[in-house]
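Input: a single structure, listed below in structure tokens.
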Amino acid sequence: MRAYKSFYCHLRILIGLAITAHGLLRIYDISEYSNFVLTSYYDMIPSENFLLIASIVFPFLEFFTGWLITLKIGIKRALEMGFFISLVMVFFILLGGTYERLLYHAAVLTGLSIIYLFVLQLPPHKRATKWS
């Protein structure tokens, strides 16, 4: 059981840091990322304002969600948010035909699923770090 907990801990930190780094990379180059989203998905969603707002908000959501997962703060909700973000990204990747980006999100979804299944087995008082 101890090896299983160690695996869970390492996987949680790895996936959390990967999500954080992915969001930080998008934030660092936000203008290029926004242009990519506008050019790739304007045919499917003709609302330029919606695409622009989503392309700015999602990297920040991804960054903060990754930190929450890494630090094990509100872990169940953070995992659900990470799962939602990755599913939205996979949906748009499949619609846009940018399949080379699919591998990262498939790995993240798999990791988040494994971590989530482990968290569901924990009693509620052990799911998150207590700061007090």
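Only one of 119, 88 is under 20 Å from residue 5 (Cα atoms) and in contact with a helix residue (DSSP H, G or I) (Cβ under 8 Å, 6 or more places away or on another chain). Can you tell me which? Give the derivation first.
On the way: 88 fails: under 20 Å from residue 5 (Cα atoms).
So the residue among 119, 88 that is under 20 Å from residue 5 (Cα atoms) and in contact with a helix residue (DSSP H, G or I) (Cβ under 8 Å, 6 or more places away or on another chain) is 119.
When you go through (1) farther than 19 Å from residue 21 by Cβ; (2) free of Cβ contacts under 8 Å to residues at least 24 places away in the same chain; (3) surrounded by fewer than 19 Cβ atoms within 10 Å (Cβ to Cβ) one by one for residue 76, which number turns out not to apply?
(2)
Within the stretch 25-44, identify whether any single residue is aromatic (Phe, Trp, Tyr) and not in a helix (DSSP H, G or I), and answer yes or no. Break it down stepwise before answering.
To start, the set of residues in the stretch 25-44 that are aromatic (Phe, Trp, Tyr) comprises 28, 33, 36, 41-42.
From the residues that got through so far, the ones that are not in a helix (DSSP H, G or I) too are 42.
Yes, the stretch 25-44 has at least one match.
I'd like the full set of residues that are under 18 Å from residue 77 (Cα atoms) and among the hydroxyl-bearing types (Ser, Thr, Tyr), limited to the stretch 1-46.
8, 20
Among the listed residues 71, 95, identify the single one that is out of contact with any helix residue (DSSP H, G or I) (no Cβ under 7 Å at 6 or more places or on another chain) and either of a type in the set (Lys, Arg) or surrounded by fewer than 14 Cβ atoms within 10 Å (Cβ to Cβ) (or both).
Details: 71 fails: either of a type in the set (Lys, Arg) or surrounded by fewer than 14 Cβ atoms within 10 Å (Cβ to Cβ) (or both).
Answer to the check: 95.
For residues in the stretch 48-85 being part of a helix (DSSP H, G or I), closer than 15 Å to residue 115 by Cβ and of a type in the set (D, E, K, R), which is nearest to the chain's Cα centre (by Cα)?
My answer is 80.
Given the criterion of a type outside the set (Val, Ile, Thr) and modelled with pLDDT of 90 or more, identify the matching residue among 118, 84.
Among 118, 84, only 84 is of a type outside the set (Val, Ile, Thr) and modelled with pLDDT of 90 or more.
Output the residue which, of all residues in the stretch 26-36 that are of a type outside the set (Val, Ile, Thr), under 25 Å from residue 69 (Cα atoms) and touching a residue at least 12 places away in the same chain (Cβ under 8 Å), is surrounded by the fewest Cβ atoms within 10 Å (Cβ to Cβ). Don't jump to the end; show me each part of the working.
Going through the stretch 26-36, the residues of a type outside the set (Val, Ile, Thr) turn out to be 26, 28-29, 31-36.
After this cut, where a residue has to be under 25 Å from residue 69 (Cα atoms) as well, the list is 26, 28-29, 33.
Still in the running and touching a residue at least 12 places away in the same chain (Cβ under 8 Å): 26, 33.
Working: 26: 21, 33: 17.
Among them, the one singled out is 33.
Surrounded by fewer than 17 Cβ atoms within 10 Å (Cβ to Cβ), in contact with a helix residue (DSSP H, G or I) (Cβ under 8 Å, 6 or more places away or on another chain) and either touching a residue at least 60 places away in the same chain (Cβ under 8 Å) or not hydrophobic (A, V, I, L, M, F, W, C) (or both): does that describe residue 48? Break it down into steps so the answer makes sense when it comes.
Numbers: surrounded by fewer than 17 Cβ atoms within 10 Å (Cβ to Cβ): yes; in contact with a helix residue (DSSP H, G or I) (Cβ under 8 Å, 6 or more places away or on another chain): yes; either touching a residue at least 60 places away in the same chain (Cβ under 8 Å) or not hydrophobic (A, V, I, L, M, F, W, C) (or both): yes.
Yes; evaluated as a whole, the condition is true for this residue.
The values are calculated or read from the model by the stated rules, or taken from the named source; none is laboratory data. Quantities reported herein were computed from a predicted structural model and do not represent experimental measurements. Because the Cβ atoms are built from the backbone with ideal geometry, glycine has one as well, and the counts that use them run over all protein chains shown.
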